[in-house]
Each structure stands twice: as structure tokens, then as C-alpha cells.
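Would you mind keeping the following structure in view while I ask a few things?
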Amino acid sequence: MTEREIDSKYLNEKMTLKIFKPEKFSDLYKYTVCIMQDGNDYFQMGRIATLSDRLHEAGEITNTVFVGIHYQDKYDRRKKYHPAGEQNEAYTNFLVREAVPLLDDELPTYNMGYTRALMGDSLAGTLALMTAVKYPNTFGKVIMQSPYVDKTVLNTINKTDSLHSMDIYHTIGTEETEVKMTDNQTMDFVAPNRELNRLLVEKGASYTYHELEGGIHTWKYWQNDMKRVLKTMFSHFS
């Protein structure tokens, strides 16, 4: 694990990228890159580093570097990840115009959208989808676990024509009917996620969708699905 810092001109703050390379990393090979919002959670609760080591060793995923970017607190997270968040546009610009160029400069990447993934849970999954739809040439893979879905998200997908080149993995737990939000309100995540599923199928994306039986909005269910996530999205080029 190495760390790189970016003094973001878009966010006016110092952003840290945690970069986890495969054990047998070599500059002689090219690498797919997976950028994870809620980065510390993916490394700690998602056990990404352990899974990466195991799956690389077994030859079950292609050469992939996992990069984690975290937030300050739950309010900062909402500002950056929510479609209507005050810093959503600035954060998207940070990803596209600062984080990606740094990673392409530091790592032997392919410099192509289909070998870059955005991954996130809940609001971070929403951010992944919305960013990739806006910048399909930069990000060709989206992994969203129990994303927050509202009318803005559905309208964006309904209007987009950029999904044909995208590879999407999408899950929702069957019991995510009363998810507590940052403002202490509760929301049914299941119905809007099923509507998003319907739209994505209609749009013809390369698309994997799973409903996690009994799943609620917690890392227990997201982590249990993580091996399938990585093998599905990084086992080969789509």
C-alpha cells in the first residue's frame, strides 16, 4: 500500500489516494485500475487487499490496482457523492482531471476507459454511475452496491446514450426498504433500484444485477458479495 496526495484545485483541499498493488506488481505489465469511493471502508470492511492477493495468486482476476479515496465525515461524504451535493461537480472534476492523470502517470495503465472502474456503496455507488455516464471515455466499468437512486439518477439514465460501451455491476438487498439517511429520514431503496435495473436493461448495457436475499444496508452483505464482484468485473476485458 502506498499513498499519494493531491492538492485539489477543484475541491480546495488535500486529497489522499491509497494505492494497493498486486504482490507481483511489475512495470513490465499493464494494469486495470479500480477507484473506490469510501476507500477506507473497502479496504477495512470490504477486505479488498486480502481478496486482491488471493484472486491474483489464483489467476482469477486480471492485473488490477485498487485505489481508495475516503471522505472526512458523513456530511462531507454527502456533499461530494450526492447528485445534488454542493461539491459533487467539483469532486467529479477532481476524479477525472486530477486523480486519473496522477494514476496514469504513476502506474503502467492502459490509458483507456474500459480498463478503469469506479466502485462504491450507497451514495458512493451513485457517484460511480453518474460520473461514468458523464465521462464514458474515462470510466468504462461501474460497480454499485445498494446505490442511492432518486429522480435525478433515473432521468439521467433515461436520457443517456453512453451505456453501450459500459460494463456495470449492480446489487440491492431485498430488505433495504427502510434505510436511514444522513438527515435521519428513512427511504425505501428497493423500489427505485428495481426501476434503475429496468432502465439499464432497456438501455442495453453490459450489465450484471443481483438482489441479495435478506440483504440490508450494511457491509456484512456487501463484503459477502465482494469476491463475486471482483471475479465478474476483473476476470477479463469486456
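Per DSSP helix of 4 or more residues, -39500 (n - 2.57); summed, then divided by the residues of the chain. What does that give at 222 nm, rounded to the nearest 500?
-10500 deg cm²/dmol
Mind checking the dipole of the chain: about its Cα centre, +1 per Lys or Arg Cβ, -1 per Asp or Glu Cβ, Debye to the nearest 20?
My answer is approximately 280 debye.
Specify which labelled value, from [x] 47, 40, 34; [y] 47, 44, 37; [z] 58, 46, 44, agrees with Cα extents along the principal axes in Å derived from the coordinates of the model shown.
It is the value labelled [x].
Can you give me the pair-distance distribution of the stretch 139-238, C-alpha pairs, 10 Å bins, whole percents?
Calculated over all Cα pairs of the stretch 139-238, the distribution is 15, 46, 33, 6, 0 percent.
Suppose we keep just the DSSP beta bridges with both residues in the chain; what percent of those would be antiparallel, to 5?
30
Continuing with the same structure: How many angstrom separate the Cα center of the stretch 208-238 from the Cα center of the stretch 42-79?
13
For every other residue with a beta carbon closer than 14 angstrom to the beta carbon of Glu175, add +1 if it is Lys or Arg and -1 if Asp or Glu, then tell me the sum.
Result for the local shell: -2.
Could you sort Tyr91, Tyr114 by accessible area so the largest value comes first, with the probe set to 1.4 Å?
Accessible-area ranking of Tyr91, Tyr114, largest first: Tyr114, Tyr91.
So for each of 47-60, 117-130 I average, over its residues, the number of other beta carbons within 10 Å; can you give me the resulting order with the highest mean first?
Order by mean packing, descending: 117-130, 47-60.
Which of Met112, Gln87, Val67 sits closest to the plus end of the dipole of the stretch 44-112, meaning its Cα is farthest towards the positive end, when Lys and Arg get +1 and Asp and Glu get -1 on the C-beta?
It is Gln87, whose Cα lies furthest towards the positive end.
Here is a further query. Can you tell me what share of the DSSP beta bridges in the stretch 16-136 is antiparallel? A percent to the nearest 5 is fine.
If we restrict to bridges inside the stretch 16-136, about 25 percent are antiparallel.
Find the relative contact order for the chain and round it to a whole percent, using C-alpha pairs within less than 8 Å whose residues are 6+ positions apart.
Once divided by the residue count of the chain, the mean separation gives 18 percent.
At 0.36 nm per residue, and after removing the present C-alpha to C-alpha distance, how many nm does the segment from Ser235 to Asp105 gain when stretched out fully?
In short, 44.4 nm is gained.
With the contact rule set at Cα under 8 Å and sequence spacing of 6 or more, what percent relative contact order holds for the stretch 1-126?
33
Can you pull the percent of the stretch 23-144's accessible area that's carbon plus sulfur, 1.4 Å probe, other chains left in place?
Accessible surface attributable to carbon and sulfur in the stretch 23-144 totals 44 percent.
About its Cα centre, how strong a charge dipole does the stretch 1-121 have in debye, to the nearest 20, once Lys and Arg get +1 and Asp and Glu get -1 at the Cβ?
Value, rounded to 20: 180 debye.
Check the straight Cα-Cα distances from Lys141 and name the lysines below 18 Å, setting aside those fewer than 8 residues away within the same chain.
Correct list for Lys141: Lys30, Lys203, Lys227, Lys231.
The values are calculated or read from the model by the stated rules, or taken from the named source; none is laboratory data. Remember, it's a predicted structure, so these values are computed and weren't measured experimentally. Note: ideal-geometry Cβ built from the backbone for every residue, glycine included; neighbour counts use all protein chains shown. Remember, those area values only see protein heavy atoms, side chains included, never the ligands or the DNA or RNA. Shrake-Rupley method; radii C 1.70, N 1.55, O 1.52, S 1.80 Å.
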